[in-house]
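I have placed the structure first, in the form of structure tokens, so that the comments after it can refer back to it.
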Amino acid sequence: MSEPRVGVYVCHCGHNIAGTVDVQHVAEWAMGLPNVVIARDNKFMCASTGQEQVEEDIKQFELTHVVVASCSPHMHEKTFRNACARAGLNPYLFEMANIREHASWVHPNDREGATNKAKALVSAAVHRVVHQQPLEPMKVDIRPETLVVGGGIAGIQAALEIADAGYHVYLVEREPSIGGHMAMFDKTFPTLDCAACILTPKMFDVGGHPNITLLTYSEVEKVDGYVGNFQVRVRKKARMVDESLCTGCGTCWEKCPIKVVDTVWEAGLGYRKAIYRPFPQAVPKYPVIDIENCTYFKTGKCRMCEKVCPTNAINYEMQDEIIDLEVGNIILATGYKLFDARRIPQYGYGRLENVFTSLEFERLTNASGPTEGKIVLRDGETTPQTVAIVHCVGSRDRNYNTHCSAICCMSSLKFAHLVMEKTGAKVYNFYIDMRPLHKGYEEFYHRIMEEGATFIRGKVSEITDVPRTPEEEDKLIVVCEDTLLGRQRRVPVDMVILAAGLEPQADAQEVAHMFGVGCGETGFFIERHPKLDPVATMTEGVFIAGACQGAKDIPDSVAQGAAAAARVLGTINQRQVTLEPIRASIDEERCSGCRICNNLCPYNAIDFIEEKGVSRVNPALCKGCGTCVAACPSQVITGAHFTFEQIMAEIDGIMIDVLSDRPVVEAV
Amino acid sequence: MSDNGTFTPVIVGFLCNWCSYRAADLAGTSRMGYPATLRDIRIMCTGRLDPTFVLRALQKGADGVLIMGCHPGQCHYQEGNYKAIRRFALLRRTLRQLGIEDERVQLHWASAAEGVRFAETVARMTEQIKQLGPLDWPRNWPNEDPYAVEEAVHE
Ligand SMILES: Cc1cc2nc3c(=O)[nH]c(=O)nc-3n(C[C@H](O)[C@H](O)[C@H](O)COP(=O)(O)OP(=O)(O)OC[C@H]3O[C@@H](n4cnc5c(N)ncnc54)[C@H](O)[C@@H]3O)c2cc1C
Ligand code: SF4
Ligand code: SF4
Ligand code: FES
């Protein structure tokens, strides 16, 4: 083989790199590295001029390998691989040195150190790249079916977009009905349109859509495979009600003698029966038997619902059903959970009767809620004369959650409006900062101020029922430092609403792990890129949408649901996706058949071929982690693009003496 | 490496693509400063870490090696980092027999969101190695070339 000819390009990135690293010097120095035939510096490598330079040089200097020293490969590896490909060079003969994120930006006051590090990283890439092999990306077919997990507004939107485009969707929801949190609300900010009026039609569309298989009261148990071909196992829990017979008439839950506090849909304020339909507009309309509380399941007696059901739909023998699905893409839309206000004991929730959470208030004010929409104290009858709404409960607080829950300012304004409108009570909003960010939100804030709500700037330190003055008798006293007046205040009220924050679901970690996505610092799922790729994840074919990605309101959840659907439809229309050819392969001639690798692979991608007595990697299952590569005692497993030779050369290159451009230690 | 009074260690880093490499990227985008002692190499997962890589880096003159991956339970490939933990235990025994201090070869975790943790780890390790001084493998073990053995196997 003829000698390799390497081209090296060192990027200034404006001042981002050149402000710290002596870029010109690095480029000149790189000329002295083995096999380098051209080394240049350039203001912006990722700009079209930078890319064209590479393309021209590949042709003019007959380059066989290319190194670009610039930003993180997670930023622009694709860009430069494409440039190489356009000039006829296999994209895997390209390597990147990360001298921005890993050098200039982290050593801003150490020009010499940053420059030396940049040289070492360039040398590593130059030494490595000549060992790189041309690779062909793998193409896999995409199954057109999609799995959506979570039937809140985000999941509903995603499912409808895909189904309306003509492709099949499996929508898995763990509660007996879809709808998510939005189904609990009465009105939605900032327009105050009724939540049910805008949500119910969508839920109905999902329920009746020919392209949607709705699996409620179901959970995903296992996920195998990879983009294009996921195998998903779903457990459909036994409803004890035969959906093909039930008409949703409601006789069973009317007659059921067992009342249970509904902690899900009524936020603990109302009751349901042991056989129940979560709310009147539920989709599907069929009830479920809660076997934890049903007398028949506890004692073997009752069977009331069976007796009264006119269509004999009750079936106490029903078993969980295991359903195996094959899908090409997955969208996670598992939403959020409310911060548990009990964690802040000085706010008295759970101890002081008339302290409510925001979700409880949503149920109070909801016409189909436990009080039929009457805003009353916990006694069920007294209308409050004064109401305090406390913002940022459990949010923007180092002791609980550091993040802003994004919706509480607006929902608190909504509450203020509803309280004033329905009760005429005086309303105090206790806030730290007002953050009505989106279209129409600032206007809504002004509207509520004009309606007469009082705003007190300051973090509430305590809510107490211990009076100090006669006016405070039989009241809840909200204690806070008013930072605008600069003094301590005690505001006596009848009712307190805590605008509790949005948190990741309790099982977010497990769900993330099952689907191969990550959770960030705040516990929400991590997107591939916070700005440029907010609905994709690090796992090809798995997308995220709605409040599972971070606290957000309905408009943003809907937007993400639609965005995730668009990404999925894109791959379906392509019919194929290309995958990184970073895979392991076994040299069967030299495999000793020890089978050590067989059990190491987390994806069971390695089979033992009995006839030949050797192991073989199934490239469709292998994800290229390299665990087997490092373990094979005969060293006969090659990890494409991360081979033994490539990494060894990279180590040798990185240990170059940056002052004399010789290895720190001459090879022995 | 070599010094006129001040010793700046060279640490070779092996960072997994999914968590710790991204933590390093995040340290960059958030402009968190740390000493320019680390020279990092990206591997897909700490499960790929062949102990030979560590020995090679030391033998080529590194004063320390920092291996970083995803937190246990959060490996992108499910359990590569557990494999790394086991291999690391063995490697540490070998290194101890050669008299190489534990501080010189370390295994740590950082999630993609933990730029601070990444920067702190590098800073702390740099200080520790400064205390120990240069490793100087070639001078201390002139005849000790583990890679030669590996290569023989590999031929
Ligand atoms: C008190 C309050 C008032 C609000 N008022 C407004 C408002 O007026 N206007 C507005 O724009 N926003 C409002 N919001 C915000 C709104 O609730 C969210 O933006 C919206 O609900 C997010 O939708 P989602 O589909 O992402 O999540 P969710 O509504 O949480 O839905 C997630 C769904 O996924 C299901 N699920 C979870 N895990 C799994 C699993 N592992 N398997 C299967 N299914 C699963 C859940 O059961 C649920 O049905 C309010 C929030 C609160 C707390
Ligand atoms: S570990 Fe290596 S030698 Fe043993 S079966 Fe796997 S490939 Fe073959
Ligand atoms: S590289 Fe990883 S995924 Fe691929 S066969 Fe080896 S152990 Fe399995
Ligand atoms: S991918 Fe990070 S340790 Fe496995």
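Would you mind computing Rg(Cα) / (2.2 N^0.38 Å) for the protein assembly as shown, counting N as its residues?
1.11
Go ahead and estimate [θ] at 222 nm for the protein assembly as shown from helices alone: -39,500 (n - 2.57) per DSSP H run with n ≥ 4, summed, over the residue count, rounded to 500.
Helix contribution divided over all residues of the protein assembly as shown: -9000 deg cm²/dmol.
Can you give me the Cα centroid spacing of segment A:301-324 and segment A:354-373 in angstrom?
32
Which whole-number percent is the relative contact order of segment A:460-612 (Cα, under 8 Å, 6+ apart)?
After rounding, I find 10 percent.
Tabulate in residue order the Karplus-calculated ³J(HN,Hα) for segment A:534-546, using 6.51 cos²θ - 1.76 cosθ + 1.60 with θ = phi - 60°, rounded to whole Hz; enter x for Gly and Pro.
x, 10, 8, 10, 5, 9, 4, x, 10, 10, 10, 8, x
In terms of the Cα gyration tensor, with a ≥ b ≥ c the square roots of its eigenvalues, is segment A:469-593 rounded because a/c is under 1.5, prolate because a/b exceeds b/c, or oblate?
Because a/c hits 1.5 or more and a/b exceeds b/c, segment A:469-593 counts as prolate.
Would you mind classifying segment B:27-73 by shape? Square roots of the alpha carbon gyration tensor eigenvalues, ordered a ≥ b ≥ c; an a/c under 1.5 is rounded, otherwise it is prolate if a/b is larger than b/c and oblate if not.
Oblate is the answer for segment B:27-73, as a/c is 1.5 or above yet b/c matches or exceeds a/b.
To the nearest Å, what is the center-to-center distance of segment A:627-659 and segment A:591-624, using C-alpha atoms only?
Their Cα centres are 21 Å away from one another.
Counting only residues 5 or more places away or on other chains, whose amide H sits under 5 Å from the amide H of B:HIS108 once H atoms are built in the peptide plane?
B:ILE67, B:MET68, B:GLY69
Return one quarter of the surface area of the convex hull spanned by the alpha-carbon atoms of segment A:401-498, equal to its mean projected area, in nm².
Numbers: hull surface 28.2 nm².
Averaging across all directions leaves 7.1 nm² for the Cα convex hull.
If you take the square roots of the eigenvalues of the alpha-carbon gyration tensor of segment A:251-308 and sort them as a ≥ b ≥ c, do you get rounded (a/c under 1.5), prolate (a/b over b/c) or oblate?
Oblate, because a/c is 1.5 or more while a/b does not exceed b/c.
Can you pull out the trypsin sites (Lys or Arg not before Pro) in segment A:538-586 that DSSP calls coil and that have at most 16 other Cβ atoms within 10 Å?
In loop regions of segment A:538-586 (DSSP not H, G, I, E or B), the sparsely surrounded trypsin sites (Lys or Arg not before Pro) are A:ARG575.
Net charge near A:CYS591: determine it from the other residues with C-beta under 10 Å of the C-beta of A:CYS591, scoring Lys and Arg +1 and Asp and Glu -1.
Value of the local net charge: +1.
Using the Kirkwood radius built from alpha carbon pairs, what does the Stokes-Einstein equation give as D for segment B:11-154 at 20 °C and 1.002 mPa s, in µm² per second?
139
What pairs from A:LYS623/B:LYS83; A:LYS43/A:LYS78; A:LYS426/A:LYS552; A:LYS337/B:LYS83; A:LYS187/A:LYS552; A:LYS59/A:LYS531 go past 27 Å between their alpha carbons?
Table pairs above 27 Å Cα-Cα are A:LYS426/A:LYS552; A:LYS337/B:LYS83; A:LYS59/A:LYS531.
Relative to the longest principal Cα axis of chain A, at what angle does helix A:441-450 sit, 0 to 90 degrees, rounded to 10?
Once rounded, the angle reads 30 degrees.
Which number do you get for Rg(Cα) / (2.2 N^0.38 Å) in segment A:6-136?
Numbers: Rg = 13.3 Å, N = 131, 2.2 N^0.38 = 14.0 Å.
Expressed relative to 2.2 N^0.38 Å, the Cα Rg reads 0.95.
Tabulate in residue order the Karplus-calculated ³J(HN,Hα) for segment A:236-242, using 6.51 cos²θ - 1.76 cosθ + 1.60 with θ = phi - 60°, rounded to whole Hz; enter x for Gly and Pro.
So the Karplus estimates, Gly and Pro as x, are 9, 5, 5, 7, 6, 10, 7 Hz.
List the residue ranges in chain B for DSSP H helices whose C-alpha atoms run 20 angstrom or more along the long axis and whose Kyte-Doolittle average is -1.0 or above.
Result, helices passing both filters: B:80-97, B:115-132.
A:THR454 versus A:GLU580, label points 7 Å from Cα toward the beta carbon: distance in nm?
The two pseudo-label positions are separated by 5.9 nm.
Read-outs: derived from the displayed coordinates by stated rules, not from any lab. Because the structure is predicted, anything quoted here is derived from the model rather than measured. Please note: Cβ atoms are built from the backbone with ideal geometry, for glycine as well, and neighbour counts cover all protein chains shown.
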